[in-house]
Amino acid sequence: MTDQRPEWARRMVEERAARDWSQVQAVQRLLARLPEDQVVSEQDLLRQWKRWEAGDAQPTKYRSAIAQTFGTTTGAFFPERSRRDGSAEILQVSGMDTVDIIARLRASDVDVATLDALRITADRLCCEYAYMPADQLLLEGKAWLARVVGLQHQRVSLAQHREIIALAGKLSLLVGCVEYDSGRPRDAEATRQAALMLGQEAGELSVQGWAHEMRAWFALTRGDYRGVIAAAEAGIAVAPTESVAAQLYAQKAKAWARLGDRSQTEVALDRGRQILENQPYPENIENHFVVDPAKYDFYRMDALRQAGGDLRLAGQLANEVIRSGTDFDGTERSPMRIAEARVTLGVVAAREGDLDTALAYGERALTGERRSLPSLAMVASDLGRALQTNYGNSSDAQEFIAHLRELRGDR
């Protein structure tokens, strides 16, 4: 029988079960997180909790405290789905399609409508990062970057010049990410540095923050964990209140988790959670350079997957990442996040003694069409280690480990 309860009600039950809490224990933990002006008895709150888990009532004024009780963000636990059609929005705002935009650029007709169309085009490309084939996105991203950079030499106002520089910075970030995904680290680093300089010239703190975040990401996949922490701290210093700061704290958490410091991992994760709680819900969660609240579950999943983490919670979060990244028709909106979630489920299965399930999750993760090779190889190594430790004599396990070495380019 299909579960007709809202997603948040189902998640309340699963999060509680993953921690082996009774409903009374969950209510007691919730009470400890309520603000002083919310006075309610344990019995009254327990009655409400039962109704929430059944999906019979919505916990409107308790949402933030419930999310905090389970260590996540309000937006992740109670998501507000939003998705925009970038091409339709370009036409709606400016009355232009791609051909019209290019024609105006060639005619040196840089007006407000043209800049609006360029901005929305850049946003559209950033939204397509999750699923567009890397070679196609790289080609299109570079083409638009060249067009935008070319506008600097035209007669434009100071405000227009600043916006053009900022757009070039955003497109450089995108191009650099795709270059790194495609196994071109030197090109990616050069593009990242260009994005940082453009962000500094335009005074765009978000672009600067993301340039530092890319440096942290590059260091993480190389195993340079101290480098991750240094890059993240530099980015946080530049853009402490931008949403990118949440991802910078997440990169610190990933590094600390791999260094075996669980206390610092939890501190970094909580700082990131607080930043996301203070941000308005994003207008467009599909944009790669927008940190949507659901991504916090993805961060925590990675930290918990490391040795010494809570595997049961890691598996529960992996399932949440897959659900939140999949449309109702089964379309995967976040295939790269989902691939890492499947690796996590593979690690859980391997450590619990289920080799067949571990291999099934691992192979499915490695065969996705849209993937970031450095990131996927890094997280899949966690599964490789679990298989080597628990199934070192299994030919099937060794075959997967060989596949993983091939993916990483090991000789």
Order of 328, 289 - criterion: other Cβ atoms within 10 Å of each residue's Cβ, fewest first: 328, 289
Percent RCO, i.e. relative contact order, over the range 7-70, from Cα pairs under 8 Å lying at least 6 residues apart: 42
GNM result for the chain, Cα springs below 10 Å: residue of 43, 28, 279 fluctuating most strongly: 43
Distance-filtered residues of the range 379-395 - backbone nitrogen under 18 Å, label point 7 angstrom along residue 357 Cα→Cβ: 383-384, 386-388, 390-391
Mean ellipticity per residue at 222 nm, deg cm²/dmol - from DSSP H runs of n ≥ 4 across the chain, formula -39500 (n - 2.57): -22500 deg cm²/dmol
Long-range amide H partners of residue 288 with built H, under 5 Å: 127, 129
Loop-resident sites, the range 358-406, for GluC sites (Glu not before Pro), counting at most 10 other Cβ within 10 Å (DSSP): 369
Residue exposure sequence - 389, 121 - by fewest surrounding Cβ within 10 Å: 389, 121
In the range 227-300, GluC sites (Glu not before Pro) in a DSSP loop with at most 12 other beta-carbon atoms within 10 Å: 283
The range 1-68: chymotrypsin sites (Phe, Trp or Tyr not before Pro) in DSSP loop, at most 11 other beta carbons within 10 Å: none
Folded to 0 to 90 degrees: helix 335-351 orientation relative to the chain principal axis, Cα: 30
Student exercise, the chain dipole from Lys, Arg, Asp, Glu Cβ charges, in Debye to nearest 20: 660
Sequence-separation-based contact order of the chain, relative, with Cα cut under 8 Å and 6+ spacing, percent: 12
Student exercise, the range 310-411 dipole from Lys, Arg, Asp, Glu Cβ charges, in Debye to nearest 20: 320
Cα-only radius of gyration and Dmax that characterise the chain, units Å: 22.6, 71
Listed residues 375, 263, 343: farthest to the positive end of the dipole of the chain (Cβ charges): 263
Burial ordering of 207, 379, fewest other beta-carbon atoms within 10 Å first: 379, 207
The range 360-411 versus the range 312-354: alpha-carbon centroid distance in Å: 16
5 Å-binned pair-distance histogram of the range 310-411 (Cα, whole percent): 2, 14, 24, 25, 18, 11, 4, 1, 0
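Every number here is computed from the coordinates shown, using simple stated rules; none is lab data. Keep in mind that what you see is a predicted model, and the values were worked out from it rather than measured. Every residue, glycine as well, gets a Cβ built from its backbone with ideal geometry; the counts of neighbours run over all protein chains shown.
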